[in-house]
Amino acid sequence: MKITAGGASTKGPHRKQNEDAWRIYADQALVKRAGRGTIYSVADGVGGTGAGRYASWRTVDGLSFFFSVPAGKFDAGNTMKEIISRTHQNLLRLQNTDTAYTKARSTLSLIYADDNGRKGYMLSIGDSGCFVVHKGTWVQLNQDHRDERGKVTSSLGGSQKLQISYRALRFSEGDVFLLCTDGVRDEIGEPVLRDMLMEYKHPSVVAHEIAHLAEANGGSDNSTAVVVRIGDCPDPPDDPLGDDDDDD
């Protein structure tokens, strides 16, 4: 089944740098050679420091190992969990050896689709959300790892044991998924997000509109969105939108 995706991220007016990260693994040569499906991901550096930015990008970039693990050791679910565990341990070691990275922590939310584009899974750590509009109905797929004060209780690089929200998925024609950081969720209500996802536009356009609406609505945090459309999809825009990561 055809899958099309796009992402966008903005720093926002109140943050010195963008500590969010996103990565789509679909069209790269490594991904196509592996024939193991596709991955769509967002991450949010925790702690409000440059170390958070490092952690978020290391988290999404580390997912590339999914496509290079030897075939005899590959399993779509276990391989992903091993990669995440390795990233978690590497961030913990870094914190213990370099004081500049004592807050190198990150959330993660991702969707994996198998090579046929018909099934896969959602995996989430922290409070970066994963949602789907299925036949007009808005559904949150992940469980937020936050306490009653809104503090993140699970993150890669956090000292605590990782909590992982996991859900098997079967894709249907017309499904539209949203992966986003809390900068989006805090500024845009679910009814508005649902309506935006239901518009028949290319995912890169929708992701761009979501990230910039969050910024326009207050932009108290970095805002990042990855939109994934299953099945028929309009053409991409004539003018490339870019990834909108507007660090100065």
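The values are calculated or read from the model by the stated rules, or taken from the named source; none is laboratory data. Only a predicted model underlies this, so the values are computations on that prediction, with no experimental measurement involved. Positions of Cβ are backbone-derived with ideal geometry, glycine not excepted, and every protein chain shown enters the neighbour counts. Just the protein is used for accessible areas: all its heavy atoms, side chains included, with ligands, DNA and RNA removed. Shrake-Rupley method; radii C 1.70, N 1.55, O 1.52, S 1.80 Å.
From the list Glu148, Glu173, which one is among the charged types (D, E, K, R), open to solvent by 20 Å² or more (accessible area, probe 1.4 Å), assigned to a loop (DSSP other than H, G, I, E, B) and in contact (Cβ under 8 Å) with a residue 60 or more places away in the chain?
Of Glu148, Glu173, the one residue that is among the charged types (D, E, K, R), open to solvent by 20 Å² or more (accessible area, probe 1.4 Å), assigned to a loop (DSSP other than H, G, I, E, B) and in contact (Cβ under 8 Å) with a residue 60 or more places away in the chain is Glu173.
Any chance region 172-179 includes a residue that's within 24 Å of Met80 (Cβ to Cβ) and of a type in the set (Asp, Glu)?
Taking every residue of region 172-179 in turn, at least one turns out to be within 24 Å of Met80 (Cβ to Cβ) and of a type in the set (Asp, Glu).
Can you tell me which residue is nearest to Ile188 (Cα to Cα) among those in region 218-232 that are surrounded by fewer than 17 Cβ atoms within 10 Å (Cβ to Cβ) and within 21 Å of the chain's Cα centre (by Cα)?
Per the criteria, the residue is Ser220.
Which residue, of Lys103, Lys16, is modelled with pLDDT under 95, within 18 Å of Val152 (Cα to Cα) and either open to solvent by 60 Å² or more (accessible area, probe 1.4 Å) or in a helix (DSSP H, G or I) (or both)?
So the residue among Lys103, Lys16 that is modelled with pLDDT under 95, within 18 Å of Val152 (Cα to Cα) and either open to solvent by 60 Å² or more (accessible area, probe 1.4 Å) or in a helix (DSSP H, G or I) (or both) is Lys103.
Report whether or not Gly120 is of a type outside the set (Val, Ile, Thr) and not in a helix (DSSP H, G or I).
yes
State whether the residues of region 74-89 include one that is open to solvent by less than 20 Å² (accessible area, probe 1.4 Å), touching a helix residue (DSSP H, G or I) at 6+ places or on another chain (Cβ under 9 Å) and aromatic (Phe, Trp, Tyr).
no
From Ile111, Ile188, Ile164, Ile125, grab the single residue that is touching a Phe, Trp or Tyr at 6+ places or on another chain (Cβ under 6 Å) and surrounded by 14 or more Cβ atoms within 10 Å (Cβ to Cβ).
Of Ile111, Ile188, Ile164, Ile125, the one residue that is touching a Phe, Trp or Tyr at 6+ places or on another chain (Cβ under 6 Å) and surrounded by 14 or more Cβ atoms within 10 Å (Cβ to Cβ) is Ile111.
Given (1) surrounded by 17 or more Cβ atoms within 10 Å (Cβ to Cβ); (2) over 19 Å from Asp127 (Cα atoms), where does Arg23 come up short, assuming only one miss?
(2)
With the structure loaded, tell me whether Lys135 is open to solvent by 50 Å² or more (accessible area, probe 1.4 Å) and within 25 Å of Ser64 (Cβ to Cβ) or whether it fails that test.
No.
Scanning region 31-73 for residues that are open to solvent by 10 Å² or more (accessible area, probe 1.4 Å), assigned to a strand (DSSP E or B) and β-branched (Val, Ile, Thr), which turns out nearest to Thr153 (Cα to Cα)?
Here the residue is Val46.
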